[in-house]
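What follows is one structure encoded as structure tokens, with my remarks underneath.
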Amino acid sequence: MFTPHVPNGLARAAVRFKPSSFVGTFVALLLAAAIVSACGILLETGLRASIPADRYAKAPVVVAADQRVHMTVGSGEGAYDAAAPVPDTARLPESLVGKAASAPGAAAAIGDVSYSVRQDGSLLTAHGWGSTALTGARLLTGAAPGTGEVVVPTGTEARVGEKITLDTPAGVREFRVAGTTATEATVWFADRQAVQLSGHPGRVDAIAVLAARSTSTGTLADRVREAVGHTAGAQVHTGDDRGAVEDAELAGAEELLVGLGGSFGGVATMVAVFTAAGTVALSVGQRSREFALLRAIGATPRQLRRTIATESLLVAPLAGALGCLPGIALAHWWFGQLQDRGAIPEAVALRVSWLPLTVTVAATMLTALGAGYFAARRPSKTKPGLALAQSAVERPPFGWIRTPLGIAALAGGVAFAGVAASTSGEDAANAALGVVMFFMLAVGLLGPLIARICAAVIGFPLRAAGASGSLAAANSRTNSRRLASAITPIVLAMAFSCTLVFMQTSQERVIAHQQRDAITADHIVSAPAGLASDATERAAATPGVTTAVGLLRGSVLVPTGSGGDRRLQTTSAQGIIGSGPDLTKVQDLDVRSGSLTGLRPGTVAIDTTLAGSTKVGTGDRLALRLPDGTKAAPKIVAVYGRGLGTGLVTLPAADLSTHVTSPHASDLLVRATPAAARKLAALGTVTDRSGYAAAQDQSRELNAWANTTMAAVLGGFAAVAAVNTLVMTVLDRRRELTMLRLVGSTRRQVMGMIRWEALLVTVAGAALGTAIALATLVPMVKGLTGESPYIPPTLYGSFLAATIGLGLAAVTVPARSALRGTAARP
């Protein structure tokens, strides 16, 4: 029975007098703890992320629409809610303002709206005048605005009584200046007119409820909740939850952090624990002669298991605790980088509590105890009379438990590869993740067998390298378990690094090609904050312009998958300001079926990958949720092939504009003469096709950085683990290296043998890792893009060179140290 109790004398003596035997284990556990703690901190931050209320600080209760779209998946007891955040903002009916105001204990209810307007090129924020009760804004001159009037900031040159023209989401309008305030870059309309001009008539962003005297927040919240009911998914918020209503980016930040800490953290934790467990098992296996001697002099199996368990308890807690320090630093760096790139609001703070750190230390201890227990099973069960004899020979590469499990994992990887190859879109990507996980598990379980096969295959050319190569080939064949412990982390490093990095390069290449081929316009007019509402009409009226089409960028939610794997997928969309025939003159979407000439309100065109994921085609209805969560089912009039470079969904802007915060087009595609292009500069920044594609690449910088960072974290950890393992194996061979010197081998021959062995290990590990990466990338990239993976030769060569270089350095330095004490001649 496995019984880790109070540390005994054998364990304390082993750690005290032979600390070098535990250095490798300590390093592996420390690195594993760093990875686990960093991901745990990010996960906790995502789950507990909040933003203090600023705009709504004076309103104890805020009512807002549910910002998630819900979809029930499965049936019966297995049913669950597959919810996804809306791409834009879900809003409430204006009629709920009166219901909230009628709640007992409510002093007032303010229907709040916020949107952008333009005045002579300046971008201003518009609100209803009633929301001044929240911000404390006061009139400096004039009076509150009425219908057709506006209050402007003092920086505006307009005076009270004068007329100004503002470009609003509802179009260009002229207003009389009713008054001025000291607020910067903010204009105020009458409450009813502010809602009408927002582009979402009859709907408000949120309802701020002020409390009457002596009414507590909890009581008011309950009464308001009862008054508004569940209309349009209305939710009542108090405390820090009000901050989430103010900043719509919080939901995306929460999803990102939970994804990093949960999904990626789960994979990273598995890799870290798996690698650390292998190092612990290697450390125990290297001391088989010591355990055999203890068995020979009368130590019982229970005493050996207790000794190994106690050694783990002496090393693991300290390694776990110290590993949390670099883990905290990694989490801080990662979180800061995401904030600098705008993925996380500045008001969100990183949370470092005792929970993820405690879990990390506990996981480190359990990893060490579990690995030590399984590694100690064989030496503890060996009969005393056979212990020393069996410790002197290599065990067979087969095992009654690990070999069948390894074969099952290999079969699972092949099965997932088949599923990924037969599906498309997100289904293929999800199945491909199973490919890499099963194949990595198979490598870990079948490591000794794989190592022996690699040694046999690569050993043939090694024999032609003289005495050193022959020694390396013989050693590799007879020490397959030692070889496997070194190959496994190299496979991990190559497989995960290649998968993450080359998936990004493959997508970037496809997107760049599709963007280049899709844009047939002569010029593109762009404005990051959006073009004027009449920019398309003004461009079309410019002499020399034959075609002008505006593009309104956004995202929609589309149900994909089938059965219990259904989910809401966030899908890029482009709204077209113009006709379908005009679109074909400025964009070549590579239409596969149907025609874009039939594109009109109530219809849609989709990309082939989305058509495959949703299993729909031309003539069918596409069930989707618009950016604010509104249900729609437009008819599919065309299926095209260049959606990754443009948008997976193409629909008229009229169907999209009333469901987004800003209905202004961000890009304008124009067929025009060079002389006309100079006149278009008044509308925005004018570029040609290549300049437009380069600007679009910058918007994907965050995804590229995230994938590269994840590859660096996983690949870096696995690389350090590989170096650690190689150093441990070389230092454990001092007796062997000394024996080779005593039987007449020169120092040069011994060092040559070590280098050839390192080359065998790194080449075998790199080859296996590359094979696993390809088995994952081919179906994943094929499903997501419809093309084969793109692997830049220079980038892959750098990975290979770094792997081989690290392997050679990891064995050369300790080998020289081990040989330094041997005699100059036999």
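The values are calculated or read from the model by the stated rules, or taken from the named source; none is laboratory data. Note that the structure is predicted; figures quoted are calculated from it, not measured. Reconstructed Cβ throughout: ideal geometry from the backbone, glycine too, with neighbour counts over all protein chains shown.
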- Query: Of (1) out of contact with any strand residue (DSSP E or B) (no Cβ under 6 Å at 6 or more places or on another chain); (2) within 19 Å of Arg55 (Cα to Cα); (3) at pLDDT 85 or above, Glu246 satisfies all except one. Which?
  - Reply: (3)
- Message: When the residues of region 528-548 are narrowed to those that are in contact with a Leu (Cβ under 8 Å, 6 or more places away or on another chain) and assigned to a loop (DSSP other than H, G, I, E, B), which ends up surrounded by the fewest Cβ atoms within 10 Å (Cβ to Cβ)?
- Response: Ala529
- Pick from Ala766, Ala758, Ala815: which is free of Cβ contacts under 8 Å to residues at least 60 places away in the same chain and in the same structural domain as Arg509 (by TED's automatic domain parsing)? Ala758
- Item | Scan of region 568-582 for residues that are surrounded by fewer than 20 Cβ atoms within 10 Å (Cβ to Cβ) and hydrophobic (A, V, I, L, M, F, W, C), ordered by number | none
- Which numbered condition trips up Arg600, out of (1) touching a helix residue (DSSP H, G or I) at 6+ places or on another chain (Cβ under 8 Å); (2) crowded, with 20+ Cβ neighbours inside 10 Å? (2)
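Looking at this structure, is Val558 in a strand (DSSP E or B) and hydrophobic (A, V, I, L, M, F, W, C)?
Spelling it out, Val558 is indeed in a strand (DSSP E or B) and hydrophobic (A, V, I, L, M, F, W, C).
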- Task: Within region 505-546, count every residue that is charged (D, E, K, R) and farther than 27 Å from Val117 by Cβ.
- Result: 5
- Task: Could you tell me whether Thr505 is assigned to a loop (DSSP other than H, G, I, E, B) and at pLDDT 85 or above?
- Result: no
- Among the residues of region 24-60, write down those that are among the β-branched types (Val, Ile, Thr) and in a loop (DSSP other than H, G, I, E, B). Ile51
- Message: I'm told Lys585 meets every condition in (1) surrounded by fewer than 23 Cβ atoms within 10 Å (Cβ to Cβ); (2) within 17 Å of Gly641 (Cβ to Cβ) except one. Can you identify the failing condition by its number?
- Response: (2)
- Given the conditions (1) of a type in the set (A, V, I, L, M, F, W, C); (2) within 25 Å of Leu92 (Cβ to Cβ); (3) buried (at least 23 other Cβ atoms within 10 Å of the Cβ), and given that Ala665 satisfies all but one, which numbered condition is not satisfied? (2)
- Message: Restricting to region 202-214, count the residues that are more than 18 Å from Ala133 (Cα to Cα) and either at pLDDT below 90 or small (Gly, Ala, Ser) (or both).
- Response: 2
- Scanning region 576-628 residue by residue, those hydroxyl-bearing (Ser, Thr, Tyr), within 34 Å of the chain's Cα centre (by Cα) and under 29 Å from Thr89 (Cα atoms) turn out to be Thr603, Thr608, Thr609, Ser613, Thr614
- Task: Please work out if Arg68 is out of contact with any helix residue (DSSP H, G or I) (no Cβ under 7 Å at 6 or more places or on another chain), over 17 Å from Gly629 (Cα atoms) and basic (Lys, Arg).
- Result: no
- Item | Selection count where residues are hydrophobic (A, V, I, L, M, F, W, C) and surrounded by fewer than 18 Cβ atoms within 10 Å (Cβ to Cβ), scope region 741-750 | 2
